[in-house]
Every structure is written in structure tokens, then in C-alpha cells.
Amino acid sequence: MRALTIIVICWILISPVFAQQQVATPTPGIQTTVVSQQNTAPVPVPEPSEKAQSYYRSGIAIWLLSTIWGWLILALFLFTGFSARIRNWAQRLGKKWFFVIGIYFALFTIISFVIDFPLSYYVSYAREHAYGLSNQTFGKWFGDSLKGLMISLIVGFLTAWVPFLLLKKSPRRWWLYTGLLAIPFLIFFILITPIWIDPLFNDFGQMKDKALEAKILNLAERAGIEGGRVFEVNKSVDTKALNAYVTGFGNTKRIVLWDTTISKLDENELLFVMGHEMGHYVLGHVWKSILFFSLLIIITLYAIHRTAGWLIKKYHHRFGFNQLSDVASLPLIILLFSIYFFIVTPIALTFTRYNEHESDRFGLEITRNNHDAATAFVKLQTENLGVPRPHWLVRLWRASHPTLGERIDFCNEYRPWERGEQLKYAHLFQEK
Ligand SMILES: [Zn+2]
């Protein structure tokens, strides 16, 4: 589940920024009528259900355990000398430097995949079914897992040699060059993801409900986003949860709506969600995130640079290598990357929460529909088994978005247009 490459780790770390704007479903007893435009009554933040609380608590336990498990496995690769043995196999099979690295990477990735498989099965399949959040068949889940593995193998095989070449050629500055090279790589990966990667897992197409699409495109036009940028995806084959997100870069940049979201939100709620996504789009959150995370990656690589040599000096007899430029050090690089990134996670999430909050603001300003925005979040909480006010530590380390409680509160409060105040983003969209 975690294992795999630094590239994949980077991707996993940044993907929540682009790929997780959740939405919502009707709760009995909560007002979700389409009266709204005039409905200014504050929407109460509902108490989480027993089931949601249990999902939340067990989720924290699993997150901590799987984090420690991941570190432990990497440490075992190193301290048992197993990583050095994989390198020896790769040398016998590959002979040439480039192929040795590619084969090492492939073996390491496949072995990690197998070791992580039971945990991965429990977390992303069995548990989701147990909580009634998943529609996925085992075949689809397993097929998707194998496809993910294949993508990691191909991308890793083609790119894993880069940091090792830099380590060899420039042992003192490799961290900087690797970090700088990660920027065009990330841009390329984000560029191709919506057209080459995502369609391997789900069907993406134009929206089916044409009347709704017309309203969304009208909103998009007001935000200066050209048509053809809104896609519907059949996520109902995988999940019952709700979501929408902005993805891609340049020509492939787009807003994607899960069909589950379309079926469970009413029209005005959906329009607010789209307003939020358009906020990400016009506020340039994709490229800002690329810059921000690239900086964080460079800092993390520098921390690896400063500490890896000391660890190798101390434990090289056990590790079976004495240079970071030896491909057998890959588990060490990933382990340190993971630990340092864990430490800076609160900083990263403060950044993503800020962007999400500003997108909420944009969504409210362009729709001026506070009530339906708030009920959308209520539905999100109910459908996705969310907890509105998690523990502050959980918020700090886990929340890429403001908490649902904070978001509903903000929807209830933020009405500058009623007080004749200037809107923060008025210059970014046309009035109705
Ligand atoms: Zn968002």
C-alpha cells in the first residue's frame, strides 16, 4: 500500500490537494429542499452517527499502525541485508547499471506489494464494505490494484535511475538537482494523469444530465472557464462516497464530478460544489501546489542528504552497502523521506486547508447560496461517515480540508454581500 517509489509517495502526498474535494447526501430530518436561494436560516452541524465515530476512531488506529508498519518493513529490508541481496540478484540479471536499477526497483516494488497486500485488502476493500461505503466487486478492486502496481513499475523503471545518477555525479548537490527535476516530472505526471492514467480505472465522459450541465457550464462561463472542462466519472462502481475534484494541467486541466455526487446532491448544492471546484481552478491551486510541494520535497531531500550518510556509516555492515548511490539504499531513502515528510505534514496540510477554505469562499461568493452550501457539507458528512470536529491532533496531521464543522460554520457566517462589503474574489467572476 505505501511501499513503492518516492515518485509514488510524492504523488500520494500531493494528490489530496487536487483530488479530494468531497461533497454530500440527504439526511432525514435535515432541510434539503430546493427553496434555498432565500433560505438564510443557519444550518446546524449534525452530531456524527455511532457508525461515523467508530469509522473515525478505527481509521486513526489503522493510520498509525500502517504508518509504523510501513517504516518497520523498510527498516527490515535494510537491517536484515535483504535490500543488498535484492541488489545482488538485480546485478546478476541486469548487468548494465541502468538495468540493475530498473530490476532492483521492480523486485523491491513487487515484494513490497505482496507484503502490504493483506493490509491493503483490509483497508481499501474489506473495511470499506464493512462500513457500507463501497460498491466495488473484489475483481474490480484487485484489477485496480494490479493496474496501480503496473503503473508504479513502468514509471519507476523509467525514472528511478535519475536520483542515483545524480547521487553518483554530484554527491553534495544531488538533493537539490533531484528536487528541481521533480518539478517538470510532477507537471508532466499531472498533465497526463487525466488522459492516460485515470481512464484506466474509470469511465470519464460528458455529463449525462444535460439540463444540469447547462447550469454548470453557465457558472463556469461566469468564472471564465471555457466549456468542455467538466467531466462525469462513474465512481458508483467503486464507492458510495461523494466527491468532485480539479485535476490536470494546461490543456488537460478539468473539473471531475463523481456520479455519486450528482445523484445524491440536489441542484443548488451541486452548483455550490462546482463553485468550490472552480475556485481551485481560477485561483491556480494546481500550480501553487506544485511549487509548494516541490519546495517541501527539496527540503525533505536535503534532510535525507544530511542524515543518510551518518546512518550508513553506523550500520553499513548490516545494510550491506556503504554509499547512498548504491541502489540497495532505496529503502533507506524512502524510509527517511517518509519520516521527514510525516514531520512536515502539518505544514503541508495547513497549506491545503488554506486553499480549500479560499475555494469555499469563492464558491459562496459566486453562488451566494449559503444554505445549500451548508446542507451540501451536511450530506457530505453523512454519506462519507465524516466527523465534524475531529481532535486537534487529527486535524493537524490528517485534515487536508477544513473540518466539516468549520466549513458549515463558515457557510452560515460568510455573507459580505449582505453588508455591502467588498467580495474578496469579485474580480475573478462575472455577476449573474
Ligand atoms: Zn477543494
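The values are calculated or read from the model by the stated rules, or taken from the named source; none is laboratory data. None of the values given here were measured: they were computed from a predicted structure. Don't worry about glycine lacking a Cβ; one is built from the backbone with ideal geometry, like all the others, and counts go over all protein chains shown. With ligands, DNA and RNA removed, areas are computed over all heavy atoms of the protein, side chains included. Shrake-Rupley method; radii C 1.70, N 1.55, O 1.52, S 1.80 Å.
Key figures for this structure:
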{"item": "Meets criteria (in contact (Cβ under 8 Å) with a residue 12 or more places away in the chain, more than 16 Å from the ligand (Cβ to nearest atom) and out of contact with any Lys or Arg (no Cβ under 8 Å at 6 or more places or on another chain)) for residue 319", "result": "yes"}
{"item": "All positions within region 265-281 that are away from the ligand (no atom under 12 Å from the Cβ), open to solvent by 10 Å² or more (accessible area, probe 1.4 Å) and part of a helix (DSSP H, G or I)", "result": "267, 268, 271"}
{"item": "Residues of region 220-252 satisfying the condition of being within 17 Å of the chain's Cα centre (by Cα), closer than 15 Å to residue 359 by Cβ and either in a loop (DSSP other than H, G, I, E, B) or more than 16 Å from the ligand (Cβ to nearest atom) (or both)", "result": "243"}
{"item": "Residue list for region 232-264, filter: under 13 Å from residue 207 (Cβ atoms), of a type outside the set (D, E, K, R) and crowded, with 18+ Cβ neighbours inside 10 Å", "result": "233, 244, 255, 256, 257, 258, 261, 262"}
{"item": "Residue 406 being within 16 Å of the ligand (Cβ to nearest atom) and among the charged types (D, E, K, R)", "result": "yes"}
{"item": "Scan of region 70-129 for residues that are surrounded by fewer than 15 Cβ atoms within 10 Å (Cβ to Cβ) and of a type in the set (Ser, Thr, Tyr), ordered by number", "result": "80"}
{"item": "Number of positions in region 350-388 that are of a type in the set (Val, Ile, Thr), in contact with a Pro (Cβ under 9 Å, 6 or more places away or on another chain) and open to solvent by less than 20 Å² (accessible area, probe 1.4 Å)", "result": "3"}
{"item": "Which listed residue, of 334, 347, 343, 312, is crowded, with 24+ Cβ neighbours inside 10 Å, more than 16 Å from the ligand (Cβ to nearest atom) and either more than 18 Å from residue 255 (Cβ to Cβ) or not aromatic (Phe, Trp, Tyr) (or both)", "result": "334"}
